[in-house]
Structure formats: structure tokens, C-alpha cells
1. State all residues of region 520-550 that are crowded, with 22+ Cβ neighbours inside 10 Å, more than 14 Å from the chain's Cα centre (by Cα) and more than 13 Å from residue 623 (Cα to Cα); if no residue qualifies, say none.
2. Is at least one residue of region 578-592 open to solvent by 60 Å² or more (accessible area, probe 1.4 Å) and aliphatic (A, V, I, L, M)?
3. Residues being assigned to a helix (DSSP H, G or I), under 26 Å from residue 257 (Cα atoms), touching a residue at least 12 places away in the same chain (Cβ under 8 Å) and not basic (Lys, Arg): count how many of those fall in region 602-638.
4. Is it true that some residue in region 502-513 is farther than 23 Å from residue 409 by Cα, assigned to a strand (DSSP E or B), of a type in the set (Ser, Thr, Tyr) and open to solvent by 40 Å² or more (accessible area, probe 1.4 Å)?
5. Filter region 344-365 down to residues that are closer than 16 Å to residue 476 by Cβ and within 31 Å of the chain's Cα centre (by Cα), then give me how many there are.
6. Within region 341-390, can you find the residues that are assigned to a helix (DSSP H, G or I), aliphatic (A, V, I, L, M) and more than 21 Å from residue 457 (Cα to Cα)?
7. Considering region 553-572 alone, what residues qualify as being modelled with pLDDT of 95 or more, among the hydroxyl-bearing types (Ser, Thr, Tyr) and surrounded by 15 or more Cβ atoms within 10 Å (Cβ to Cβ)?
8. Between 350, 345, 377, which is crowded, with 23+ Cβ neighbours inside 10 Å and more than 30 Å from residue 615 (Cα to Cα)?
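The values are calculated or read from the model by the stated rules, or taken from the named source; none is laboratory data. This one's a predicted model, so the numbers in the text were calculated from it and none came from an experiment. Quick reminder, even Gly has a Cβ in these numbers, built from the backbone with ideal geometry, and neighbours come from all protein chains shown. The protein model used for the area step is the full one, side chains on, heavy atoms only, and it has no ligands, DNA or RNA in it. Shrake-Rupley method; radii C 1.70, N 1.55, O 1.52, S 1.80 Å.
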Amino acid sequence: MTTVTPTSNDEVKALEGPPAGLPDVATLANLANAFFRMLPGDAGDALPESPTGVPGAPASTLLAGSVGVPTAVPDHGSLPPNAPPTTSPGGIPSHGTPPRLAPASTTPTGMPDHLATGAPAGDGRMGGIALGVPEAYAAALPIVGTPPVSAPASPYYFLGDSGTSYAQAPQPGALDDRVTAQPFGLPGADDLRGLLAGIDLGYARSPGPTAPTADPRFYFVDPAGAATGSVPSLPQGAHPPFDVNAVRRDFPILAERVHGKQLVWFDNAATTQKPQAVIDRLAYFYAHENSNIHRAAHDLAARATDAYEGARNKVAHFLGASSAEEIIFVRGATEGINLVAQTFGKQHIGEGDEIVVSLLEHHANIVPWQQIAAEKGATIRVIPVDDSGQILLEEYRKLLTSRTKLVAITQVSNALGTITPVQEIVAMAHGVGARVLVDGAQSVSHMRVNVQALDADFFVFSGHKIFGPTGIGAVYGKKDLLNSLPPWQGGGNMIADVTFERTLYHQAPTRFEAGTGNIADAVGLGAALDYLERIGIENVASYEHNLLLYATRGMQTVPGLRMIGTAREKASVLSFVLAGYSTEEVGKALNEEGVAVRSGHHCAQPILRRFGLEATVRPSLAFYNTCAEVDLMVSVLRSLARARR
């Protein structure tokens, strides 16, 4: 190993030795040179070389995003293959001519504005908070529940939408994986491990630093994402400790200002904000994969089809479905309920039959059943709730008869936050031969859902309530049940054959997806589920539970504030009214301080009227909210209360 002779005291300090467990600078440089020698083809043919040694770049070009290295590109010139390393003006050894790569320009998010054709040279953008889960945090995250792929899993979402490394070339004989972006042809983790295996990792150190660890490894070459040394190792399958500040950096809109104040987003029950991972995935789809799906013979159609169907697989896994064929893409939970009403309802509900709903339901889980009941001559029966807003199971039991054909129940109330005992409700309905639809719009972002464990016949949710795009959602239905139902819309994509005499339909799920679907947003939904799985839904549930308790205790100190919905089992919704103020006045006062809440009936008028109200103020929390934000809200409410004494 060549030793670089220091030329200054600063350089001596820089080369005294790396932290324990890491190779020295020269070893890293040798690794980098070996890495780039493995690149396919001659990268130098792509662009003419500028005087700086970077193609197309003027002298002293700054490489955006570089961290811990001089930003001016040194003039390396041409060196013979075995020439000793020179030293750049910044004191960093130069080991031969650098890879001839154009400096990547940046978009406002810090992402490259073009497809890379080689590895980044000194550019620190391959990781970091602009690209999803912060680098140190993401490094220890395992890939949870992604479909099987041929390439090794990566802890970074931007290296593969399904956990596939973009840098990993396809294995010989393997099928193309177009669910993710196409590979760049760079060496992957196996190649890096091979390089490390052939290099002596002994360290030439100055006296003083501690000896390296016995098993130096690096998270970026460990397929499990585990590491030793500076990156803490975790048990297999575990998530790192939840860090709300790290999570917040993944959501660019949280840096927004309203009336000159920092935005506090407490309107999560209406819609959730989107992490950079989702925003980038949507942009990537439109830049590199955009096409209609299933029918064309060209490559973009194959990419788009696989990305769309890959998202369906992710939804199936996330819900615990037995097959992706049980997942139908729709615009959201509302359209999903209408789909079930117009298929199952029309086929199985007749005159004299009964449909059971609860007093907690969103209008979207009331109105479609009223329409079917009016059309078919059926009856709607309503499960009552107690003064805390919880379902009265014994009263529900009394409503079930042989005439009950369907029970439609929310898992979490959007107006009160009540978590309903869905598993018991489903079992009791099945006891009388009824089917059950579960509205999961408010539950999927707060708790683990397994539709097979619930034994739900149908389950619906919306993507925009789970950190995904608007205009996309999903219906789960048991496969045999779905295939027994008629289509609800006609058109392209859902047909097997059409003549003027008759039409043959596909099986589920395609038979329920007439026309061009919302392809890009389905892919974005898949990215949102990936992100949430990497954070860990159990981590989310635990953090939000503690935050809900903190907020509840704080709000109870506000004179004249009445909480609406105090069930023992609640998700992160805090409906209230404040004496002396309309809900609109409270919402306006909070908004002036940057705090966004919902005021009104929340499309759930029946349950609010159960408590003698037409409207409430509804802060609703997510895992990126903080105690400091709660404190700000409580402070504003206390000020309002004092002003009306």
C-alpha cells in the first residue's frame, strides 16, 4: 500500500487514521479506483474532457452536495497507471485520473435531473435527508415485506422502489424487473464484497488511535443493512429507535410558513403530507416510465405495467391479503364503498333485507347503502354508541338477524378517533351469514391491519390518508367473492373479448378496473407504503399513542374546552368545542399561528348530533407531529379561553 507523505500539520492530523472500524484514506481511494475500473465500457468516451478532468466542466467547477471534501475540482491531469498519488490543494490524496463523469446538476430537491450513467464522483447526494429517510437512519433499516426480487435489498428507497438496488445489474437468466427504475449497469453489492475480499484491510496508523475492530464491515455492502463500527447494528427485523426529527426532514411541506409562522399540520384525518420518497417516485415515473399499461408491446409499457402491478403487490402485502388478485385500485375509500354497493349490493341485497351500519360512520359509508336500500326496498339499521363514542356490542348483537346481508363498519372514526372492535363485529356478522365491509380510511396509517386476521370480506382505504397521493385507493375483497360479482363499470382493460352479441369479462381485479387507471399515483402509493414499512408501523402506533396522551392532558387544562369522543381505544383524533367560540373562530385563531386544524361536521353529522353538536374543532395527529406543536396549540386555546372569561 502506497503511503502519502504529509506536507503540513493539518495533513498529519487528517491522516492519523480513521475512526475505529474504518479504513484509512488511501485504502478508501484504492477501493474507489477498483470500483470504477469495474464500470462497463469506457466512461471517458461519453464526453470530452475539460481542463479540470471532469467532462464538460469549467475549471474550479463546484460539485453540489459534496461533504467533507474540497468543492473545487482539482486538475489531476494524466498520470501513468503506477504513478504515486499526488496531493490536491485541499490535502486529499489524488489517485490517478478520476472517472470521467459530468457533474450532475441538481433540482430543488437535490435529486439528479437526468439518469446517471456512472457512479457519482465525490457527489454526496447518494443518501441524505433530501432522499427519504436520513442516511444514518435508513442505513440500519431492513426492507420489510417487499416482493421477492433478484437483486439484493437496499436500505435506500431511491436505490429501488421495491427494495431492488438500481445499481445492481440483472442476474443472468433473471426476468427484467421493471417495477423499479432500470439498472444503471454499475457493480452491485456482490462485486463490492469481492473487491473487499481481495484487499488487505490492515491499517497503517500513527501512534495513538485505537485499533480497528476485528470485523470491519460497511452498511453499504451488507445486504441486510446491518453494520458495525460507526453505524449501530440492530437485531434482524428490528427498526431503529423512532426519531421524529429525522422523520420530519423527510416531509418538505413541514418547512412551509403560514402567516409568517412555521406550519403545524394537525389536519391529518383529512389528508396526510407526503414524504420526499413519494414525491420523487412520482417524478421518476413521469420522467422515465410513463405509459399506458398491459397492452402495448414497447418497453415503457412494460415498465409502467410492472410498476403498477408491483404497487398492487405492495398493497396486498401491507394489508395481509392472500393474493394481489384481491386488490382493486380505485380513487379512494369512497369509490371503493360505492364499488361494493353497486356490485355486491345489487346482486345480494333485496326487498326486506337489512344493512347494518354504525352511528360513527363517515357519510361515504352511509349514503351508498341508503341508495341501495331505496332501490332494493331494504332497511338500514344503526349500531348505537355510548357517551364515550364506543360501539355498544350487545346492542349490535340484537340487530343481527337472518335478514342481515351486510355490515358496513369503520375501523377508526374520523370524527372521534374511536377504534372499533372490528374483529368481534366481523365474527358476529358471519355468525348470521352476513358479509362485512370495513372502512379502513382512518386506520391504516395508525395501526397494523391484517385483513385475513380480521376475516373481513371487503376492506377499503385511501392513499392520501397514508402519506400517498390523492386520487388513489384500494379495495380488498376475498378472491372467490370478487369473482362472483358483476363488473360495475364497462370499458377497456376489464374485458377478455367483445362482440356485438356479448362481452366476456376478466377475473378480479381487472374486471373492476375499466379504462385507464391512475397509474402514477398507484406507484406513488406503493412508495408511501414502502416508506411507512421502513419507519415501522408499530413504531408509528407507539409514538402516536404517547403523543395523543400528551395532547389530551394538555387540552384538559384549557378552561371551557369539552372533548368529544373519549373512548378508551382511540387513534390520533382530538375533537372538541370551546365555550364562547364557534368552531370557525377557533380554527381561524389557530390558523393565524400556523396551526392547521379542521372545523365543521367532518362528513359525520349523525355521530356529532349524538352529542348535541353540529360541528367540532378536530386536530388530528400523525407521526411527524411533536409535543412542541401540541404545546403551541394548547397555548393558543388557553389564550382564547382567558379572553372570554
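1. Scanning region 520-550 gives a single hit, 520.
2. Scanning region 578-592, I find at least one residue that is open to solvent by 60 Å² or more (accessible area, probe 1.4 Å) and aliphatic (A, V, I, L, M), so the answer is yes.
3. Narrowing region 602-638 to residues assigned to a helix (DSSP H, G or I): 605-610, 627-638.
Now narrow it down to the ones that are under 26 Å from residue 257 (Cα atoms): 627-638.
Next cut, touching a residue at least 12 places away in the same chain (Cβ under 8 Å) only: 627, 629-634, 636-638.
If we keep only those that are not basic (Lys, Arg) too, we end up with 627, 629-634, 636-637.
Looking only at that region, the number is 9.
4. Taking every residue of region 502-513 in turn, at least one turns out to be farther than 23 Å from residue 409 by Cα, assigned to a strand (DSSP E or B), of a type in the set (Ser, Thr, Tyr) and open to solvent by 40 Å² or more (accessible area, probe 1.4 Å).
5. Going through region 344-365, the residues closer than 16 Å to residue 476 by Cβ turn out to be 344, 365.
Cutting the leftovers down to within 31 Å of the chain's Cα centre (by Cα) gives us 365.
Here the count works out to 1.
6. Keep residues of region 341-390 that are assigned to a helix (DSSP H, G or I), which gives 341-348, 363-365, 367-376.
Cutting the leftovers down to aliphatic (A, V, I, L, M) gives us 341, 364, 367, 372-374.
Matches in region 341-390: 374 only.
7. Within region 553-572, 566 is the sole residue that qualifies.
8. Working: 350 fails: crowded, with 23+ Cβ neighbours inside 10 Å; 377 fails: crowded, with 23+ Cβ neighbours inside 10 Å.
From the options 350, 345, 377, the qualifying one is 345.
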